[in-house]
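Novice: Sharing a structure here in structure tokens format.
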Amino acid sequence: MKTIPPLPPEGDFRVENLIRDAVPEVLAHQDAGRFFAWMREHIADYMSPNMLAEAGPGNIPAFAYVMGRDLWNALPLPHNRYRPEAVPEPGRNDPCPCGSGTKYKHCCDRVPHIPLSSDLIWPVVLDAMDKPQREAAVRSGALPRQALIVLASQMLAEHRTAEAVKLLEPLLLPQPVAHDDVMELAFDTLCDAYEKLGRRRKKNTLIETVLAKTPRSPLRGGAWQRRTVINMDQHDLAAARETFHHAQQDDPEDPALGVLEVELLLAEHKPDTARERAEFFVRQLRRRGLPEDQPPLSFLIRMAHDPVGTMSDLALEQAGEAGRGLRDWIKSVSARPLPKYRLTDVESLPPRTDGDLIDSLIEKGIPAEEAHRAVKQLQLDIPPMENPAPPGNETKESPLHCLLAPPALVALEKNWHEIFPLSKPFSMQEDPFNDAYAWDPAAERRWTAFLQKHPACFDSLDILDDLATAVLQHEQVGLPWLDQEMLLPLLRRAEAIIAAAIGHSRSAHLDWAWQDNRPALRSLARIALVVQHARPEEALRAAEALLRFNRNDNHGYRALVICLWLKSGEDRKAAELAARFPDDQMAETAYGSALALFRLDRRREADRQLRKAVADLPKVAAYLLRDKVRKPAIEGGLYTLGGDDQAWLYREEMRPVWTATPGALDWLREVHTNSLPPRSSRKSGRSRRQVS
């Protein structure tokens, strides 16, 4: 009787390599005898020297037969409608098929079998097929859906994304063939593939198809989760919360909901609640028996300890660790006391010539040629205002002020600009004036080392401004956890320094024209921009300070402030602010002024202002009056003055306020109708609008 060694340990027998090479051989001939001959010839190629020595030459045919039969019996054959054509097991007393001359029960019956599953076999089979064979297999209906998904995932990992899309689309479009967990995995994989190919529209179409054509199920729950992520990316947190509730209702047992809810809470700037919910989901998944080293439990355990830090760690890992040094430095210096900046009347300072200003710009990293051009255009950059102060508060004669850093910081800033690669942004732009990149590894090491050597950099408005510019260059910028750990601590530090220097002064006038004021004003503007969706009260505070200090409002934050004041019923303040900009072409100012006056029952002024607004921006009125409108194309944060995009954006933001104001829409409809030319004088046909 032969002594048969046990199933070899992993590494001694290369099963996956054998399967990968055997499948094309089977598909090429679909002949059992030919395949068994191939196995006898090649089986030793997949056995380690240790295994060959243990088995001995006499046992090689036995391994070839048993493992060959395991493989053959698991492989789907095209000529058999993609089903296996099994070779039956010999009788125990039959001669052993391996050719040993002994009975089967004394020979190959004792050889261990290879554990094979369709999930392991089918992806290899599909990958070995040519395109027509694969399409025929998919059409046959014999294919396990799980096998298609596994193969598609492998294709994604190998950057064969278009092939993965062709595999999965028939499962989900024009409508899903099923609605279970397997289809949810197919849906997720196809969404990832569309994302890799940049096909956002097709991804959105897929999501809407699943939501419209699928009943309550894991598949539709997955689509609601995808819609939630999209809403979060678009900073529409109210919509994200609503779609998340739909996801909970459709598939309440999905473990991924825990991670998504914690991410949503972080986007809403609720880290304490996020930690509590992470702890809840950890307890829940442990009760279900999920191993602690398996996602999503392992991830939620980290989130329960430090949700913001965990998410920022993930973002920094994805960015190749760019930014970790800055994040850790911010944490190390966060407890520093505030420096003592001085609020100074600019008239008390030595007069500055154009040469002085040019030198100052060059010191801050702006190239000399551009510094000369910037000084020449400085006055054009700041248009005059007819009435720069709100009635009864400030006067035109109020002096201009400048925030001056302590002398020690001035010297530190000069050294900083010698090693920091970015120049200051020009005017109200966010990007640096030069084309340098702060996160180049060599550059990042230099300026991060400077920060570590000089903790007082956290006291400088100038350096904080530069660091915020660098963060806005980071490839992961916009993720709420990165904003919370890197960008907002820098901006809030600047805000605290400004508040400490100005105190309760209502007459401080930090004009944008004075270069030394720009880091402070830019920091306030950036706070309002970053938190306007998640923390409107903080955005309003920063924007109000910006408007108080910089009367010209070069950044245009009057739009945000007027809208927020109208939403909270601060109609008088909205009217007074709008009055400072009587010829403004921003819809928020023009229409906001009219609405504020209407709500204050100052009807004559309101009528005059609304007629002017409708005459200047007629599309805004038309969009406000419609119950439903189609979203026009919108490029980034820009819009065309008087265009459909400007009208749609204002409608999205403020139509609920107009609708909630009794009589406001009827009043608008009357003014808008009266402003239209007589029907007989209207031009027929279509006109072309040029977008500037």
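Novice: Taking a point 7 angstrom from the Cα of Lys453 along the C-beta vector, which residues in the stretch 399-426 have backbone N less than 17 Å away?
Specialist: 409-421
Novice: Using only the alpha-carbon atoms, what does the stretch 93-252 span along each of its principal axes? Please give whole angstrom values in decreasing order.
Specialist: Extents along the principal axes, in whole Å: 76, 34, 25.
Novice: Kindly report the accessible area of the chain per residue (heavy atoms of protein chains, probe 1.4 Å, no ligands, DNA or RNA), in Å².
Specialist: Accessible area per residue: 49 Å².
Novice: OK, next. Which percent of Cα pairs goes in each bin when the distances of the stretch 246-336 are cut into 10 angstrom slices starting at zero?
Specialist: 16, 41, 31, 10, 2
Novice: How about the stretch 530-629: which GluC sites (Glu not before Pro) there are in a DSSP loop, with at most 14 other Cβ atoms within 10 Å of their Cβ?
Specialist: In loop regions of the stretch 530-629 (DSSP not H, G, I, E or B), there are no sparsely surrounded GluC sites (Glu not before Pro).
Novice: Now for a separate question. Jot down the per residue volume, in cubic angstrom and as a whole number, of the convex hull over the alpha-carbon atoms of the stretch 185-324.
Specialist: 126
Novice: Dividing the convex hull volume of the alpha carbon atoms of the stretch 489-593 by its residue count, what do you get in Å³ per residue?
Specialist: 103
Novice: Related question: In deg cm²/dmol and to the nearest 500, what is the mean residue ellipticity at 222 nm of the chain if only DSSP H runs of at least 4 residues count, each as -39500 (n - 2.57), divided by the residue total?
Specialist: That calculation yields -18000 deg cm²/dmol at 222 nm.
Novice: Under the classification rounded if a/c is under 1.5, otherwise prolate if a/b is larger than b/c and oblate if not, where does the stretch 137-225 fall, given a ≥ b ≥ c as square roots of the Cα gyration tensor eigenvalues?
Specialist: oblate
Novice: On C-alpha positions alone, give me the angle between the axis of helix 536-549 and the longest principal axis of the chain, in degrees, nearest 10.
Specialist: Helix 536-549 sits roughly 40 degrees off the main axis of the chain.
Novice: What's the carbon and sulfur percent of the chain's accessible surface, probe 1.4 angstrom, rounded to a whole number?
Specialist: Summing carbon and sulfur atoms, their accessible area is 51 percent of the total for the chain.
Novice: Starting from the exponent 0.38 and prefactor 2.2 Å, build the expected Rg for the stretch 46-142 from its residue count and divide its actual Cα Rg by it.
Specialist: Taking N as the residue count of the stretch 46-142, the ratio is 1.32.
Novice: A further question follows. Label points 7 Å out from Cα along the Cβ direction at His504 and Asp345: separation in nm?
Specialist: Each label point lies 7 Å from its Cα, and together they span 2.2 nm.
Novice: Enter the angle in degrees (range 0 to 90, nearest 10) between the Cα long axis of helix 488-502 and the first principal axis of the Cα atoms of the chain, meaning the one along which they spread out most.
Specialist: Here the helix axis deviates by roughly 20 degrees.
Novice: For a quick check: with amide H placed at 1.01 Å from N, whose amide H comes under 5 Å from Arg83's, ignoring anything fewer than 5 positions away on the same chain?
Specialist: The answer is Leu77.
Novice: Can you pull the percent of Cα pairs in the stretch 104-182 with separation above 16 Å? Intermediate values should be presented prior to the final figure.
Specialist: On the way: 1768 of 3081 pairs.
Above the 16 Å cut-off, the stretch 104-182 has 57 percent of its Cα pairs.
Novice: Which entries in Lys414/Lys573; Lys131/Lys196; Lys270/Lys331; Lys573/Lys612; Lys131/Lys203; Lys213/Lys631 show an alpha-carbon gap greater than 30 Å?
Specialist: Result: Lys414/Lys573 exceed 30 Å.
Novice: While we're looking at this one, here's another question. Restricting attention to the stretch 288-337, which trypsin sites (Lys or Arg not before Pro) occupy a DSSP loop and are surrounded by at most 11 other Cβ atoms within 10 Å?
Specialist: Counting only loop positions with at most 11 other Cβ atoms within 10 Å, the trypsin sites (Lys or Arg not before Pro) in the stretch 288-337 are Arg288.
Novice: Next question, about the same structure. For the stretch 229-276, what Kirkwood radius comes out of the mean inverse Cα-Cα distance, in Å?
Specialist: For the stretch 229-276, inverting the mean 1/r across all distinct Cα pairs yields 10.9 Å.
Novice: Sticking with this one: Write out the trypsin sites (Lys or Arg not before Pro) in the stretch 548-614 meeting two conditions: DSSP loop, and at most 16 other Cβ atoms within 10 Å of their Cβ.
Specialist: For trypsin sites (Lys or Arg not before Pro) across the stretch 548-614 that sit outside H, G, I, E and B with at most 16 neighbouring Cβ atoms in 10 Å, the list reads Arg602.
Novice: Using the Kirkwood formula over every pair of different C-alpha atoms, what hydrodynamic radius in Å results for the stretch 416-496?
Specialist: It works out to 13.0 Å.
Novice: Mind checking which aspartates and glutamates have their Cα closer than 20 Å to the Cα of Lys202? Skip sequence neighbours fewer than 8 apart in that chain.
Specialist: Answer for Lys202, where 20 Å is the Cα cut-off: Glu163, Glu169, Glu184, Asp188, Asp192, Asp233, Glu635, listed by chain and number.
Novice: How far apart, in nm, are two points set 7 Å out from the Cα along the Cα-to-Cβ line at Arg201 and at Lys166?
Specialist: Each label point is offset 7 Å from its Cα along the Cβ direction, giving 2.2 nm.
Novice: Helix 307-318: angle to the longest alpha-carbon principal axis of the chain, degrees 0 to 90, nearest 10?
Specialist: 70
Novice: Let me check the size of the stretch 30-88 from its C-alpha atoms; what are the radius of gyration and Dmax in Å?
Specialist: Cα-based Rg and Dmax for the stretch 30-88 come out at 13.0, 41 Å.
Novice: From the square roots a ≥ b ≥ c of the eigenvalues of the alpha-carbon gyration tensor of the chain, which class results: rounded (a/c under 1.5), prolate (a/b over b/c), or oblate?
Specialist: prolate
Novice: Taking the simple approach of a point 7 Å from Cα along Cα-to-Cβ for both Val410 and Ile634, what is their distance in nm?
Specialist: 4.6
The values are calculated or read from the model by the stated rules, or taken from the named source; none is laboratory data. Since the model is a prediction, treat every value here as computed from it, not as a measurement. Heads up, the Cβs are rebuilt from the backbone with ideal geometry, glycines too, and the neighbour counts pull from every protein chain shown. What goes into the accessible areas is simple: the full protein's heavy atoms, side chains included, and nothing from ligands, DNA or RNA. Shrake-Rupley method; radii C 1.70, N 1.55, O 1.52, S 1.80 Å.
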